[in-house]
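What follows is a set of notes on a single structure, which appears directly below.
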Amino acid sequence: MNFKDHFSGHAGLYARARPRYPDALFDWISRQSPAHGSAWDVACGNGQASVALARSFDHVIASDPSAQQIAQAQPHPRVEYRVEAAEQNTIADHSMDAITVAQALHWFDLPRFIEEVRRIAKPDALFAAWSYSGCHIDPAVDAVIAHLYDGILGAYWPPERRLVDEGYASMPIPFMPIDSPAFEMRVDWDAERLLAYLRSWSAAQRYRASTGADAIAAVAGDLLRAWGDPRRPRAVRWQLALRAQRVA
């Protein structure tokens, strides 16, 4: 089936530039899962969440429709990678204790995906989907990034991006909600590492393809002035928005 592919063309950059999810998130998923035999990490990309899940689950099936993304995935003895769509795959009925989606739910045909979750989940399986939007460093750097995000790249974000910006709040997920704590993703990056992350944005790649120009280069000078010593690592933070539910 066709899928909305915004990352295959820069899968290597995506794998190198994206931040890591906090261990506390996966510890919480482990505690909430009714068992730890098997988990499905949907739209796994480079396998970051898949490998983290393998610390708690005996077998993780990590699927993504992009063969290029799977080619960049981290190998792990308990992770089985498959090139398959979220809405149609070969996982056995009622076989998964947990189903996770990291920064990808907004790309799915949601009704079809929900039917696959119902088919694949064991009774009371955990469903957890999370996303993150803008990062925060300090007001001066944040202002440069906001200008890039909205002012320069605003027209180049796909319409699904609004679902990320709202933390998936409006997406109709028909399972039993679970209260979850707040999670923060934090990394210590120098300025070049942050610029690489900004280049990994799908809108930045679309802007380059459409205009032939590098939107990140256009703001790099302002960002470096706001940053100070570009070699000095600074804390970069994102708030995770988590939708956690029990599949009854």
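Are any of the residues in the range 221-237 within 16 Å of the chain's Cα centre (by Cα) and more than 30 Å from ASP97 (Cβ to Cβ)? First the steps, then the outcome.
The first filter runs over the range 221-237 and keeps only residues within 16 Å of the chain's Cα centre (by Cα), leaving 237.
From what is left, the residues that are more than 30 Å from ASP97 (Cβ to Cβ) are 237.
Within the range 221-237, one or more residues are within 16 Å of the chain's Cα centre (by Cα) and more than 30 Å from ASP97 (Cβ to Cβ).
Go through the range 20-78 and give me each residue that's of a type in the set (Phe, Trp, Tyr) and touching a Gly at 6+ places or on another chain (Cβ under 8 Å).
Applying the first criterion (of a type in the set (Phe, Trp, Tyr)) to the range 20-78 yields 21, 26, 28, 40, 57.
Result: PHE57, single match.
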Some residue of the range 218-227 being on the phi > 0 side of the Ramachandran plot, surrounded by 13 or more Cβ atoms within 10 Å (Cβ to Cβ), out of contact with any Phe, Trp or Tyr (no Cβ under 7 Å at 6 or more places or on another chain) and of a type in the set (Gly, Ala, Ser): no
Filter result (of a type in the set (Val, Ile, Thr) and closer than 23 Å to ALA241 by Cβ) within the range 175-215: ILE178, VAL187
Residue in the range 175-194 that is crowded, with 17+ Cβ neighbours inside 10 Å, in contact with an Asp or Glu (Cβ under 8 Å, 6 or more places away or on another chain) and not acidic (Asp, Glu) present: no
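Any chance the range 81-97 includes a residue that's under 25 Å from PRO181 (Cα atoms) and either out of contact with any helix residue (DSSP H, G or I) (no Cβ under 9 Å at 6 or more places or on another chain) or at pLDDT below 95 (or both)?
Quick first cut of the range 81-97, residues under 25 Å from PRO181 (Cα atoms) only: 96-97.
Subsequent filtering for residues that are either out of contact with any helix residue (DSSP H, G or I) (no Cβ under 9 Å at 6 or more places or on another chain) or at pLDDT below 95 (or both) retains 97.
For the range 81-97, residues under 25 Å from PRO181 (Cα atoms) and either out of contact with any helix residue (DSSP H, G or I) (no Cβ under 9 Å at 6 or more places or on another chain) or at pLDDT below 95 (or both): present.
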The range 56-80, subset β-branched (Val, Ile, Thr) and in a strand (DSSP E or B), residue nearest to ILE91 (Cα to Cα): ILE61
Index of the failed condition, ASN46 passing every other in (1) crowded, with 18+ Cβ neighbours inside 10 Å; (2) assigned to a loop (DSSP other than H, G, I, E, B); (3) touching a strand residue (DSSP E or B) at 6+ places or on another chain (Cβ under 7 Å): (3)
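The values are calculated or read from the model by the stated rules, or taken from the named source; none is laboratory data. Bear in mind that the values here come from a model prediction, so they are computed numbers and not experimental data. When we count neighbours, we look across all protein chains shown, and the Cβ atoms used for this are built from the backbone with ideal geometry, even at glycine.
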